[in-house]
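A quick write-up on the structure given underneath.
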Amino acid sequence: MKIVHVISGLGTGGAEANLLRLATALGRRGWAQHVVGVGAPSDHAVALSDVGVAVTVLGVGSASSALRGLMRLAGIVRSYRPDVLQGWMYHGDLFATLAHLLSPGAGRRKLFWNLRASNTRECGYARIVRLCALLSGRPDAVIANSQAGAEYHLAHGYRPRRIEIIPNGIDTNAFRPDPQACARIRGELGIAADAVVAIHAARFDPMKDHALFLAAMAELPAMQAIMTGKDTQTLTVPPNVHRLGIRRDMPALYAAADVVVSTSAYAEGFSNVVAEGMSAGLVPVATDVGDARTIIGETGTIVPVRDPVALVAALADIAAWPRDRLTVRGFAARTRIVGQFDEERAIERYVELYTA
């Protein structure tokens, strides 16, 4: 089978990471793939190339470059002749659809979209959401990574022939408890072995609401925190917060913590960070956005968005637990991810969809 994936960009976000994992797994099955990034080149383009996946970056940044990029994508589809054309995120879905319509072989080729967000009202995406809604009957199926995302788009004009919910899959072998990594990272950062540590992993973006997390940590000086993600190294933080910027050793960083925190204010569909932290044996605390409740179940705490009092209360409660309770609850969190959101489960869903 041959697949062309078209994604809005190849930066450091969750959709890009999931595409990398899916493409790597499908490559191991012998499936030929070509990934096309609509925007500028970035880190995941290199990572995909490293696992043997062909990558083309269109570099679209204006209306004129969009037309050139679309013609180039249509040329790739014509020459590559994929069995599946898979869009990722709004611009990727849109470009994939237009290239599909412009290229011969549309009748034998399957077209899929992938929705990664839930409530996007505050993201400034209204125009492209409306445009995609008008075209949403074109794909053979629309894949959403969250129930919240599917419901939001159906309520905002999407009328797909078929909609599938495929939650993000987590590499539970990579994200796991690791006492050696915990000791090493805590030693590097000067964090005591018996400290209760929270980790917040997100690029600096209004939707991630770093201010909420920092406000809570300022009220909890006895806790330590690790903050990682693009541009987080530029933030002003309380003394108990270690700001690390982009890191390539996320499994080790999770292993060094006790609690994983997501403070997203909107748009989150399926939080990779929450699920990865849980897979590493961390107790989850998340704002009530997207499918956070479904991911966490009874293993952690859900708090209202933009509510520092509730977040402080949740973290203070966990910080007061004895170490054995943290360990037991973290084990329950990992068990939930292994049982319901393991990577192989998600990959099999894609394989079934592509080969049906």
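The values are calculated or read from the model by the stated rules, or taken from the named source; none is laboratory data. All values derive from a computational prediction rather than experimental measurement. We place every Cβ from the backbone using ideal geometry, glycine too, and count neighbours over all the protein chains shown. Side chains included, ligands, DNA and RNA excluded: accessible areas come from the protein's heavy atoms. Shrake-Rupley method; radii C 1.70, N 1.55, O 1.52, S 1.80 Å.
The condition of being at pLDDT 95 or above, of a type in the set (A, V, I, L, M), in contact with a Ser or Thr (Cβ under 6 Å, 6 or more places away or on another chain) and within 21 Å of residue 195 (Cα to Cα) holds for only one of 305, 285, that being 285.
Return the residues of the stretch 107-122 that are surrounded by fewer than 16 Cβ atoms within 10 Å (Cβ to Cβ) and within 25 Å of residue 292 (Cβ to Cβ); say none if nothing qualifies. Spell out the reasoning first.
Filtering the stretch 107-122 for residues surrounded by fewer than 16 Cβ atoms within 10 Å (Cβ to Cβ) gives 107-108, 121-122.
Across the stretch 107-122, the qualifying residues are 121, 122.
Cβ separations smaller than 7 Å between residues 6+ apart or across chains give the following pairs from the stretch 24-45 residues that are open to solvent by less than 10 Å² (accessible area, probe 1.4 Å) to residues that are at pLDDT 95 or above and aromatic (Phe, Trp, Tyr): 38/95. Of all residue pairs spaced 6 or more apart or on separate chains, those with beta-carbon atoms under 7 Å, a first member in the stretch 260-279 that is within 20 Å of residue 224 (Cβ to Cβ) and open to solvent by less than 10 Å² (accessible area, probe 1.4 Å) and a second member that is at pLDDT 95 or above and basic (Lys, Arg) are 263/208; 278/334; 278/336. Residues in the stretch 32-47 include at least one that is in contact with a Ser or Thr (Cβ under 7 Å, 6 or more places away or on another chain), part of a helix (DSSP H, G or I) and of a type in the set (Asp, Glu).
Just to be sure before I move on: is residue 174 buried (at least 20 other Cβ atoms within 10 Å of the Cβ) and either free of Cβ contacts under 8 Å to residues at least 12 places away in the same chain or within 30 Å of residue 113 (Cβ to Cβ) (or both) in the structure I sent? Working first, answer last.
On the way: buried (at least 20 other Cβ atoms within 10 Å of the Cβ): no; either free of Cβ contacts under 8 Å to residues at least 12 places away in the same chain or within 30 Å of residue 113 (Cβ to Cβ) (or both): yes.
Answer is no for this residue.
Residue 252 fulfils the conditions (1) farther than 18 Å from residue 313 by Cβ; (2) of a type outside the set (Val, Ile, Thr); (3) open to solvent by 20 Å² or more (accessible area, probe 1.4 Å); (4) assigned to a helix (DSSP H, G or I) except for a single criterion, (3). Among residues of the stretch 227-238 that are free of Cβ contacts under 8 Å to residues at least 24 places away in the same chain and surrounded by fewer than 17 Cβ atoms within 10 Å (Cβ to Cβ), those with a beta-carbon under 8 Å from a residue that is aliphatic (A, V, I, L, M) and in a strand (DSSP E or B) at least six positions away or on a different chain give the pairs 233/244. Going by the structure shown, is residue 244 assigned to a helix (DSSP H, G or I) and either closer than 23 Å to residue 128 by Cβ or under 21 Å from the mean Cα position of the chain (by Cα) (or both)? Taking the combined requirement at face value, the residue does not satisfy it. Selection of helices (runs of 4 or more DSSP H) fully inside the stretch 263-340 by the criterion of at least 1 residues being of a type in the set (Ser, Thr, Tyr) and in contact with a helix residue (DSSP H, G or I) (Cβ under 7 Å, 6 or more places away or on another chain) returns 272-279, 292-296.
Just the residues that are closer than 18 Å to residue 112 by Cβ, touching a His at 6+ places or on another chain (Cβ under 9 Å) and either open to solvent by less than 10 Å² (accessible area, probe 1.4 Å) or in a loop (DSSP other than H, G, I, E, B) (or both), please, taken from the stretch 1-21. The answer is 3, 4, 5, 6, 7, 8, 19.
Evaluate the stretch 177-198: report whether one residue or more is closer than 20 Å to residue 288 by Cβ and open to solvent by less than 40 Å² (accessible area, probe 1.4 Å). Checked against the condition, which is being closer than 20 Å to residue 288 by Cβ and open to solvent by less than 40 Å² (accessible area, probe 1.4 Å), the stretch 177-198 yields at least one hit.
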